[in-house]
């Protein structure tokens with residue numbers, strides 16, 4: 001399967017046969033659904049594109065018999081525990097195709113070291129605690145297969161009266177330019193400190209009060225499949241087989257992190273790569289280029305959240 005075309009919208013399901021065991025559940029089946037249960041913001045290692053930031057919205061359907069309350073499952077038990085199961089396992093992680101021939105995994109005391117050879121010969125290396133990585137058993141991560149993996153994971157955790165779980169992963173529909181970036185926030189108290197997680201994000205640039213599609217498209221192209229790194233986290237640079245690389249590294253609350261990427265896939269800024277700083281960075285760059293104009297930049301971090309920078 002082509003990895004590029006596969007990262008789209010899909011449905012997946014897993015069916016398990018469960019006996020009623022005279023539990024008293026009504027015999028007929030029903031379906032419970034929750035739209036946009038959560039959003040998975042992660043990065044994916046692609047054999048062709050390298051490190052990709054992704055944001056997938058998650059729809060859930062559960063088939064099952066009604067319990068004594070006349071429910072398959074209380075919505076509170078869906079929105080909290082099942083959402084938490086997805087977030088803990090797949091959100092803010094680096095998703096890695098574990099069966100890809102160009103991948104080498106080395107385990108060490110504090111975590112995993114990944115060496116990932118792209119099809120064009122360039123290399124990506126990633127070092128982190130184990131929880132920052134999610135290994136997917138495939139050669140190339142396709143969204144339909146990832147949905148199946150998530151559904152399988154949930155099916156093992158649902159009550160006995162739930163007989164099937166279906167997951168739909170779908171990217172936000174964006175009418176206009178968007179950028180896909182990966183980053184890590186060493187000072188963050190939560191999972192954003194992981195050095196390679198990412199987002200698929202819309203971008204709106206107002207120039208003198210009106211949106212400027214040319215500027216939006218220019219920045220979206222600049223930040224396509226990019227790693228936005230903090231300059232103080234840059235610990236080295238090297239050249240291997242005519243390709244220049246940047247090496248990033250830091251220690252944060254969860255442990256030691258390291259990342260090596262082709263320099264052409266990196267964009268350096270002087271601050272932490274929070275969305276507040278990214279929005280202001282774009283605004284400041286535009287103001288420096290067009291000093292007579294005023295700018296308002298709406299930079300998103302995934303779906304329906306972001307920050308505004310002005311200059």
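The values are calculated or read from the model by the stated rules, or taken from the named source; none is laboratory data. These numbers come from a predicted model, not from an experiment. Backbone-built Cβ (ideal geometry, glycine too); neighbour counts: all protein chains shown.
Tabulated values for the structure
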{"item": "Set 243, 173: member being within 20 Å of the chain's Cα centre (by Cα), modelled with pLDDT of 95 or more and more than 21 Å from residue 273 (Cβ to Cβ)", "result": "173"}
{"item": "Hits in the range 248-265 (condition: under 21 Å from the mean Cα position of the chain (by Cα) and part of a strand (DSSP E or B))", "result": "248, 249, 250, 252, 255, 256, 257, 258, 259, 260, 261, 262"}
{"item": "Considering residues of the range 84-112 that are crowded, with 17+ Cβ neighbours inside 10 Å and free of Cβ contacts under 8 Å to residues at least 60 places away in the same chain only, the residue nearest to residue 303 (Cα to Cα)", "result": "87"}
{"item": "Matching entry among 41, 67 (being modelled with pLDDT of 95 or more and either surrounded by 18 or more Cβ atoms within 10 Å (Cβ to Cβ) or in contact with a strand residue (DSSP E or B) (Cβ under 9 Å, 6 or more places away or on another chain) (or both))", "result": "41"}
{"item": "Any hit, the range 53-64, residues being outside any strand (DSSP E or B) and out of contact with any helix residue (DSSP H, G or I) (no Cβ under 6 Å at 6 or more places or on another chain)", "result": "no"}
{"item": "Output for the range 147-171, where each listed residue is in a helix (DSSP H, G or I) and touching a helix residue (DSSP H, G or I) at 6+ places or on another chain (Cβ under 8 Å)", "result": "150, 153, 154"}
{"item": "Residue within the range 197-210 that is under 22 Å from residue 130 (Cβ atoms), touching a strand residue (DSSP E or B) at 6+ places or on another chain (Cβ under 9 Å) and outside any strand (DSSP E or B) present", "result": "no"}
